[in-house]
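Right, one structure below, let's go through it.
The values are calculated or read from the model by the stated rules, or taken from the named source; none is laboratory data. Predicted, not measured: the structure shown is a model, and the values here were computed from it. Note: ideal-geometry Cβ built from the backbone for every residue, glycine included; neighbour counts use all protein chains shown. Each accessible area value is taken on the protein alone, full model and side chains, heavy atoms only, with ligands, DNA and RNA left out. Shrake-Rupley method; radii C 1.70, N 1.55, O 1.52, S 1.80 Å.
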Amino acid sequence: MKTYESLLDEVTAFSGQTRTILDPATGAIVGEAPIHDLEYLEQAVADAQAAQPAWAAMGHDARSAALLKAADAVERSAEELARILSREQGKPLNGPNARFEVGACAAWLRAAATIRLEPEMIVDDGETRAELHYRPIGVVGAIGPWNWPMMIAIWQIAPALRMGNAVVVKPSGNTPLSVLALAKVLNEELPEGILSVVSCGREVGARLTDHPAIGKIMFTGSTAAGRAIIKSSADTVKRLTLELGGNDAGIVLPDVDPKAIAQDLFWGAFINTGQTCAALKRLYVHEDIYDAVCTELTTVAKAMPMGNGLDENNVLGPLQNKAQYDVVASLVQAAKDSGARVLLGGNPDTTRPGYFYPTTLVADIDNNNPLVTDEQFGPALPIIRYRTIDEAVEKANGLDVGLGASVWSSNLDAAREVAGRIQAGTVWINKHGAVDPRIPFGGAKQSGYGLEFGVEGLKALGVPQVING
Ligand code: TXE
């Protein structure tokens, strides 16, 4: 049975160079993360190549059984994993945060294990018989961010393993301990070499993207890094799934009850203290109910405690790192400088340790303000007034990203009609960001391409092969 200390000891035991990981809530030391070098990465890829054929040969049923056992292992160590995640990432244990994230890891593993993917009969007319199968790719590289480090790693790992691939994971340098700990737990149930983590800097990690032995890169992160990966993977023509940044719009139609939707609007925007790819980042509200929505949202937001993640009362935490804190602070400053009206927050408290930025709501803001046009990725929501649906849709579609979006209305038909006009990979109705392991998820425009989750997500981790005859 692992304890918090023993799990942390296992992942920090390394004789080479290390990097000190600090708790973003307190500045205290969490542990020393290994800095793996290029040689380590090459060995991980070679081990993956060596182990993959036997894993593929086990077949779907045996691999699914191993993934179900891996889900059990995550549940056995859930509290220890949640504590490491909370200390390294900053997110509270409670609320839709660290414990929720570890629970999602088990849920996504189970879904990847149990979703059925049958060969498809494409033509069978007596003359021609053509069947579509999905074969393993080989070795998959998984590159992830720091906001949901465990859950996003599982989104990449689980379908890749299910489809018969081996995986080499490169976590964000900001949150390597969480991913190393998760892999330690998963590896209690997986054959050696099938899953490894290379805790390295960006330059060493970039080797995955042009490595001839890697057949596919699963990437979640910024659009800029996504572009770099497209370029560096070109020579080896890698398959790519790219889940890049977003700046999700929410459109509130005039027929809603502001009080009834305020809590869901809040969590749509502020889940993980706003550090979520598909969070609501621009809220468009019809002028008839604008003031009421602002008032109700402020009431809900005021009641949400922010602080150290290990304190069971908190549901909001710090920004994970100083760079992100500075982004949020400068975008809110730009909004204030423009004369926008701050409903809540807006003044960073510099007296406490940690990268805490107060929950901030900004009203009467111009649609061209940087707090609206740039991805804030933090606890600051701009609320924009609109008059007509056409105007709201045009503004929602006005950016070159389109990951998620939402429409809020008591009339589902009207909401669906508006949803169909929005350029985004997912449009939720009366909720925002509710991902589900059964339902495909991916971006439109420069939010990336390729689908994750569900049967489409499994297909994306296989090579389609037609057997004709
Ligand atoms: O992401 P990066 P960062 C956004 C968010 C945030 C910004 C920067 O707006 O402010 O991105 O965050 C690796 N080849 N999102 O710096 O740079 C890198 O080491 C290979 C949105 O964390 O995209 C890390 O492991 N790998 C996002 C991972 O890519 C490369 C979540 C992400 O780094 C690489 C997080 C390269 N050329 C941040 N360049 C979302 N959609 O959820 C970087 N990496």
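Per the conditions (1) under 19 Å from Val11 (Cα atoms); (2) within 16 Å of the ligand (Cβ to nearest atom); (3) small (Gly, Ala, Ser), the sole criterion not satisfied by Ser86 is (2).
Of everything in region 33-58 that's touching a helix residue (DSSP H, G or I) at 6+ places or on another chain (Cβ under 7 Å) and open to solvent by 60 Å² or more (accessible area, probe 1.4 Å), which residue is nearest to Val315 (Cα to Cα)? Here the answer is Asp37.
Checking each residue in region 193-229 for being open to solvent by 20 Å² or more (accessible area, probe 1.4 Å) and basic (Lys, Arg) picks out Arg202, Arg207, Arg227.
Quick grid of which residues meet (1) modelled with pLDDT of 95 or more; (2) open to solvent by 30 Å² or more (accessible area, probe 1.4 Å):
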position	(1), (2)
Pro348	no, yes
Thr359	yes, no
Val362	yes, no
Asp366	yes, yes
Asp374	yes, yes
Ala380	yes, no
Ile384	yes, no
Glu394	yes, yes
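Considering region 175-187, the residues that are touching a residue at least 40 places away in the same chain (Cβ under 8 Å) and open to solvent by 10 Å² or more (accessible area, probe 1.4 Å) include one that is farthest from the ligand (Cβ to nearest atom), namely Lys184.
Taken as a whole, the condition of being away from the ligand (no atom under 16 Å from the Cβ), surrounded by fewer than 23 Cβ atoms within 10 Å (Cβ to Cβ) and more than 27 Å from Tyr355 (Cβ to Cβ) applies to Leu253.
Yes/no matrix, rows are residues, columns are (1) without any contact (Cβ under 8 Å) to a residue 60 or more places away in the chain; (2) within 16 Å of the ligand (Cβ to nearest atom):
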{"site": "Ala82", "(1), (2)": "yes, no"}
{"site": "Asn94", "(1), (2)": "no, no"}
{"site": "Arg129", "(1), (2)": "no, no"}
{"site": "Ile143", "(1), (2)": "no, yes"}
{"site": "Arg162", "(1), (2)": "no, no"}
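Would you mind stating whether Arg207 is within 15 Å of the ligand (Cβ to nearest atom), charged (D, E, K, R) and in contact (Cβ under 8 Å) with a residue 60 or more places away in the chain? Full working, then the answer.
Details: within 15 Å of the ligand (Cβ to nearest atom): yes; charged (D, E, K, R): yes; in contact (Cβ under 8 Å) with a residue 60 or more places away in the chain: yes.
For Arg207, the condition - within 15 Å of the ligand (Cβ to nearest atom), charged (D, E, K, R) and in contact (Cβ under 8 Å) with a residue 60 or more places away in the chain - is met.
Filter region 164-173 down to residues that are farther than 17 Å from Leu68 by Cβ and more than 16 Å from the ligand (Cβ to nearest atom) and give me whichever is surrounded by the fewest Cβ atoms within 10 Å (Cβ to Cβ). Steps first, please.
Filtering region 164-173 down to residues farther than 17 Å from Leu68 by Cβ leaves 165-173.
When the remaining residues are screened for being more than 16 Å from the ligand (Cβ to nearest atom), the result is 165-166.
Details: Asn165: 25, Ala166: 29.
Once the filter is applied, the top-ranked residue is Asn165.
Would you call Leu190 open to solvent by 10 Å² or more (accessible area, probe 1.4 Å), in contact with a helix residue (DSSP H, G or I) (Cβ under 7 Å, 6 or more places away or on another chain), over 17 Å from Gln89 (Cα atoms) and away from the ligand (no atom under 16 Å from the Cβ)? Criteria met by Leu190.
With the condition kept exactly as written, say whether any residue in region 264-273 is within 11 Å of the ligand (Cβ to nearest atom) and not assigned by TED's automatic domain parsing to the domain that holds Gln156. Within region 264-273 (the criterion being within 11 Å of the ligand (Cβ to nearest atom) and not assigned by TED's automatic domain parsing to the domain that holds Gln156), the answer is yes, since at least one residue qualifies.
Selection over region 190-221 of residues that are part of a loop (DSSP other than H, G, I, E, B) and not polar (S, T, N, Q) gives a count of 12.
Restrict the check to region 276-287 and report whether at least one residue is away from the ligand (no atom under 16 Å from the Cβ), outside any strand (DSSP E or B) and buried (at least 17 other Cβ atoms within 10 Å of the Cβ).
Applying the first criterion (away from the ligand (no atom under 16 Å from the Cβ)) to region 276-287 yields 283-287.
From the residues that got through so far, the ones that are outside any strand (DSSP E or B) too are 287.
The next check asks that each one be buried (at least 17 other Cβ atoms within 10 Å of the Cβ); those that pass are none.
No, because not a single residue in region 276-287 is away from the ligand (no atom under 16 Å from the Cβ), outside any strand (DSSP E or B) and buried (at least 17 other Cβ atoms within 10 Å of the Cβ).
The helices (runs of 4 or more DSSP H) found entirely in region 349-443 that carry 1 or more residues being of a type in the set (Lys, Arg) and over 30 Å from Thr26 (Cβ atoms) are 389-396, 412-419.
From the set of residues in region 233-242 that are among the hydrophobic types (A, V, I, L, M, F, W, C) and within 17 Å of Gly442 (Cβ to Cβ), which is nearest to the ligand (Cβ to nearest atom)? Before the answer, list the steps.
Applying the first criterion (among the hydrophobic types (A, V, I, L, M, F, W, C)) to region 233-242 yields 234, 237, 240, 242.
Remaining after also requiring within 17 Å of Gly442 (Cβ to Cβ): 240, 242.
On the way: Leu240: 12, Leu242: 9 Å.
Going through the qualifying residues, I end up with Leu242.
Does Ile230 satisfy being out of contact with any His (no Cβ under 6 Å at 6 or more places or on another chain), part of a helix (DSSP H, G or I), farther than 18 Å from Val463 by Cα and near the ligand (Cβ under 9 Å from one of its atoms)? Spelling it out, it is not the case that Ile230 is out of contact with any His (no Cβ under 6 Å at 6 or more places or on another chain), part of a helix (DSSP H, G or I), farther than 18 Å from Val463 by Cα and near the ligand (Cβ under 9 Å from one of its atoms). I'd like to check something: does region 40-56 contain any residue that is at pLDDT 95 or above and in a loop (DSSP other than H, G, I, E, B)? No, because not a single residue in region 40-56 is at pLDDT 95 or above and in a loop (DSSP other than H, G, I, E, B).
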